[in-house]
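The values are calculated or read from the model by the stated rules, or taken from the named source; none is laboratory data. This structure is a prediction, so every number in the text was calculated from the model and none was measured. Heads up, the Cβs are rebuilt from the backbone with ideal geometry, glycines too, and the neighbour counts pull from every protein chain shown. Just the protein is used for accessible areas: all its heavy atoms, side chains included, with ligands, DNA and RNA removed. Shrake-Rupley method; radii C 1.70, N 1.55, O 1.52, S 1.80 Å.
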Amino acid sequence: EDIKVPAANGPGKGYTTFDAFKREHGYAGRDYAWHHIVSQHPDNIAKFGAETIHNTNNLVLLPAELHNMITAHYATNSRFSQQQRVRDLIRQKNFEEQAAYGREVIEKLRKESK
C-alpha cells in the first residue's frame, strides 16, 4: 500500500483544530485513519502550537490496521525509560525528534504489516 508520508520540512498548512483540518482535507474514510506523526496530546499543542500539530506536514492518511499498530506501540512500556510508556518518553523530546521517531515507527510497522 502506498502511504504518502509528508516531508518533514515541506511547505505545510496548519489548522487551529483537527476538525478544521478534516473539514478541508476530508474524513479518513472506512478502514483508514488520519495519524498525527507528532502526537496531538495537549502537552504538544501547548509546546508547539495547534497549527504545528494539525498541519499537513504532520498528518498522514494510514490504513486503520497500521494506525492501530502504531497506537499500540506508543502505549507499550519502554525498556529504556524506567518502564515509562513510549508515548510519555517521546513527548519529552523536541518537535524534530518526535517527528523523526514518528516517521521511523510508521516505516518500521508498515514493513512489518505487509
If the cut-off is 21 Å between C-alpha atoms, which lysines fall inside it for Lys47, apart from same-chain ones fewer than 8 positions away? Lys13, Lys93
If amide H atoms are built 1.01 Å from N in the plane of the peptide, which residues on other chains or at least 5 residues away come under 5 Å of the amide H of Ala28? Trp34
So what is the accessible area of the chain per residue, in Å², with the probe set to 1.4 Å? 61
Return the ratio Rg/(2.2 N^0.38 Å) for the range 70-111, where Rg is computed over Cα atoms only. 1.11
Please find the FRET efficiency linking Leu89 to Gln40, where r is the Cβ-Cβ separation and R0 is fixed at 22 Å, and quote it to the nearest 0.05. 0.80
Sum up the charges of everything whose Cβ sits under 14 Å from the Cβ of Phe21, counting Lys and Arg as +1 and Asp and Glu as -1, but leave Phe21 out. 0
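So for the chain, averaging the separation of alpha carbon pairs under 8 Å that are six or more residues apart and normalising by length, what relative contact order in percent results?
With pairs under 8 Å counted, the relative contact order is 29 percent.
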Accessible carbon and sulfur surface of the range 1-98 relative to its total accessible area, %, 1.4 Å: 50
Hey, got the dipole for the range 1-48? About the Cα centre, +1 on K and R Cβ, -1 on D and E Cβ, debye to the nearest 20? 160
Once the piece of chain linking Asn77 and Ala64 is laid out straight, how much longer is it, given 0.36 nm per residue of separation minus the C-alpha distance between them? 2.5 nm
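Taking the Cα centre of the chain as origin and charging only Cβ (+1 Lys, Arg; -1 Asp, Glu), how large is the dipole, in debye to the nearest 20?
For the chain, the charge dipole is close to 160 debye.
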Equivalent-ellipsoid semi-axes (√(5λ), Cα gyration tensor) for the chain, whole Å, largest first? 21, 18, 12
How many nm is it between the label spots at Lys22 and Ala7, if each spot is 7 Å from the Cα in line with the beta carbon? 2.9
Ranked highest first by the average count of other Cβ atoms within 10 Å around their residues, in what order do 84-90, 70-76 fall? 84-90, 70-76
